[in-house]
Structures are given as structure tokens and as C-alpha cells.
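Input: a single structure, listed below in C-alpha cells.
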Amino acid sequence: MDVRQRLLDELRVEPGKPAGIAQRDPAWTGGDDFAGLAEDDLKERAKEALHRGTAELSDAQELLWASDTNALLVVFQAMDAAGKDSAIEHVMKGVNPQGVQVVGFGKPSPEELDHDFLWRISKALPERGRIGIFNRSHYEEVVALKVHPEWLEPQRLPPGKRDEQFWASRYEDINTFERHLDRSGTKIVKFFLHVSKAVQKKRFLARLDTPGKEWKFNAADVTERAQWDAYMNAFEDALTATSTPWAPWYVVPADHKRITQALVAQILVETVRSLDLAWPEVSSKEHAENLEARKKLEAEPSD
């Protein structure tokens, strides 16, 4: 087994098995292949891997665009300051922006609350040939709302207990929705960026201490930090229930941003490659027309 495949297998949540977030190291750097490297060497290796990954992803995205048969939906979920924004920025920087759309999901609007919880997700799906990125997603509905069940009230749901059966039904709805998308040509890959509580604190303080970065800090994030264990339990339940063969979850260590970005890039490359896409074929009629067009171009006088 090559290193790439081993890394993917290490990070993937095996369908039907516990996600095991608590047993996964947020500072993991790649296992034995990278053990013993000094921190600077590790950063350099990660930067090199990210550079290769972004170049390969650019080629893969061009094929996805040209084939126009599939879409790729990339879901990012994490605690605050885990590096979702920077992962999106650095991993996608080499990709043609015409082929990518990024959607962030915040508090639902009144119109969205008048529909089921997957309605606004459906509206934001990428079209064939494009990569769609969700910065937070429908998984807020089974993570944040599970930690804060009072946030369900504005949804005006039918009467009933908000017990484990309620959440199991939502997991089922999500799995069925994602299975439908997969069957329709939208490949889904989901990332949980696994940051430690200590590193989150360090990054929060850095936002407060660095000129021009305080705008990224939200005091409410510290309030949510107090619910850390509840969030970890909610993520554990959600990832375990919704990592499927057609829409797997990857738990990516997020204490080292460059490593996070390199791993995300590689998983995306392998995901597009798994679609077994092919370049469009030119028909004999189109080929003949192209030859005629070439003759006309070559017959033009030189400038």
C-alpha cells in the first residue's frame, strides 16, 4: 500500500464503525513515514505536498469541468478556528475560479425556516462540472442544534420529542439525501477538521493580539467553547451515523495548518480520480470542421 492510500485509510471514518474522534490525535503528522522530522522539515514537507496536491487538483478540476458529467460537493465542518477558511483558500488557490463555488451557511433566513432543513442546501448544490464547497452545512442541523435544541423552535416542526429517535431520523434524512445526490452524479466528500482545545485557545488569542485580525474574533465563540464536550459528542454521533460508502467523512488533524491543507488537497485529488472521468471526444464531423477552420487560420496573411 502506498503512502497516499495509507493516509486516506487512516483518516476515513469507516462506514458502520465509530468515528472515534477522542482517539484521534489533532496534532497527527502522518505516522511513521514522517516520524523524527524536525518541525521546520515537517513544515517544508507539508508545503511541498500541498504544492503537488494543488497542481494535481487543478488538472483534476479541469477534467471535471470538461467532462461535464459529475459535480463534486466538499463539506467542511469543525469547531471555530480549526482552519476551514485557510484550507479552502490554500487548497483551491490553483483551481480555475470559474469551476468553483463556495457557500457559507449561517443562521437560517425567515424564508429558509419556512422550508425543511435541507431546502437551502439543495438550492446551493454545484452544477455538473463544478466543485461546490460548503463552509458549514446541513450538518449544523445535527451538531449545533443538538447542542442547542432550543434553536429548533424557529423551525416550527411538528409536535414530538426531540430525543435520540428525532436525531436518528435526521441522520437518515441526510444519508438518503446524499445517496440521491451520489446516484445523480454529485460526488460528496466531507471533512471534519479536528483541532485541539489548546490550539483553538492559542488561535483565538492570536486573533486578539494580531493587528488587523481582531475582526475575525467573536466573543460568542468563547461561549460555545464552554460546550466543547457536548460538541465533540455531537460530532462523534453525526460522523458515525453519516459516514457512508457514497459520502465518507475524513477526520483531518488540524493543529498544524499546512498538514491539514496538504491532506485535504490529496483527498480531493483522489476523490476526483475515483470518478474515472474521460476527456470529451470530438466527433468525426466536428474534427472535419476543425480541419477546415485550421486551413482558414493558416491561410490568413501574417501580421
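Please tell me if P126 is under 14 Å from the mean Cα position of the chain (by Cα), in a loop (DSSP other than H, G, I, E, B) and surrounded by 18 or more Cβ atoms within 10 Å (Cβ to Cβ). Considered against the rule, which asks whether it is under 14 Å from the mean Cα position of the chain (by Cα), in a loop (DSSP other than H, G, I, E, B) and surrounded by 18 or more Cβ atoms within 10 Å (Cβ to Cβ), P126 comes out as yes.
Among the residues of segment 106-123, those identified as under 17 Å from the mean Cα position of the chain (by Cα) and either more than 24 Å from D182 (Cβ to Cβ) or not small (G, A, S) (or both) are G106, I121.
Does segment 36-55 include one or more residues that are on the phi < 0 side of the Ramachandran plot and either aromatic (F, W, Y) or modelled with pLDDT of 95 or more (or both)? Write out each step before concluding.
So in segment 36-55, the residues on the phi < 0 side of the Ramachandran plot come out as 37-55.
Right, trim to either aromatic (F, W, Y) or modelled with pLDDT of 95 or more (or both) and you get none.
No, segment 36-55 has no match at all.
Every listed requirement among (1) surrounded by 18 or more Cβ atoms within 10 Å (Cβ to Cβ); (2) part of a helix (DSSP H, G or I) is met by V251 save one, (2).
Looking at the structure I just gave you, is V199 aliphatic (A, V, I, L, M), under 15 Å from R24 (Cβ atoms), out of contact with any helix residue (DSSP H, G or I) (no Cβ under 9 Å at 6 or more places or on another chain) and touching a residue at least 24 places away in the same chain (Cβ under 8 Å)? Judged against the criteria, V199 is a match.
For E141, are the conditions met, namely being part of a helix (DSSP H, G or I), buried (at least 16 other Cβ atoms within 10 Å of the Cβ) and modelled with pLDDT of 95 or more?
So E141 fits the description; yes.
Residue check: M232 meets all listed conditions (1) modelled with pLDDT under 95; (2) within 23 Å of A87 (Cα to Cα); (3) in contact with a helix residue (DSSP H, G or I) (Cβ under 8 Å, 6 or more places away or on another chain); (4) not hydroxyl-bearing (S, T, Y) but one, namely (1). Total residues in segment 107-132 satisfying the condition of being without any contact (Cβ under 8 Å) to a residue 60 or more places away in the chain and either more than 19 Å from F235 (Cβ to Cβ) or aliphatic (A, V, I, L, M) (or both): the figure is 18. Residues of segment 78-105 being over 15 Å from the mean Cα position of the chain (by Cα), crowded, with 17+ Cβ neighbours inside 10 Å and in a helix (DSSP H, G or I), which ones? Correct list: G99 only. Only one of the numbered conditions (1) of a type outside the set (S, T, N, Q); (2) crowded, with 18+ Cβ neighbours inside 10 Å; (3) under 24 Å from Q261 (Cα atoms) is violated by P108, and that is (3).
Yes or no, residue by residue, for (1) in contact with a strand residue (DSSP E or B) (Cβ under 8 Å, 6 or more places away or on another chain); (2) at pLDDT 95 or above; (3) over 25 Å from D229 (Cα atoms):
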position: A82; (1), (2), (3): yes, yes, no
position: I88; (1), (2), (3): yes, yes, yes
position: K93; (1), (2), (3): no, no, yes
position: P97; (1), (2), (3): no, no, yes
position: L113; (1), (2), (3): no, yes, yes
position: L118; (1), (2), (3): no, yes, yes
position: F134; (1), (2), (3): yes, yes, no
position: R162; (1), (2), (3): no, no, no
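The residue of segment 254-279 that is nearest to the chain's Cα centre (by Cα), among those that are exposed (fewer than 11 other Cβ atoms within 10 Å of the Cβ) and of a type outside the set (G, A, S), is D276.
Just for segment 172-229: of the residues that are of a type in the set (S, T, Y) and over 21 Å from L11 (Cα atoms), which one is surrounded by the most Cβ atoms within 10 Å (Cβ to Cβ)? Break it down into steps so the answer makes sense when it comes.
Just the residues of segment 172-229 that are of a type in the set (S, T, Y), to begin with: 176, 184, 186, 196, 210, 223.
Now restrict to residues that are over 21 Å from L11 (Cα atoms): 176, 184, 186, 210, 223.
Numbers: T176: 11, S184: 11, T186: 21, T210: 11, T223: 9.
The selected residue is T186.
The values are calculated or read from the model by the stated rules, or taken from the named source; none is laboratory data. Values in this document were obtained by computation on a predicted structure and should not be read as measured data. Reconstructed Cβ throughout: ideal geometry from the backbone, glycine too, with neighbour counts over all protein chains shown.
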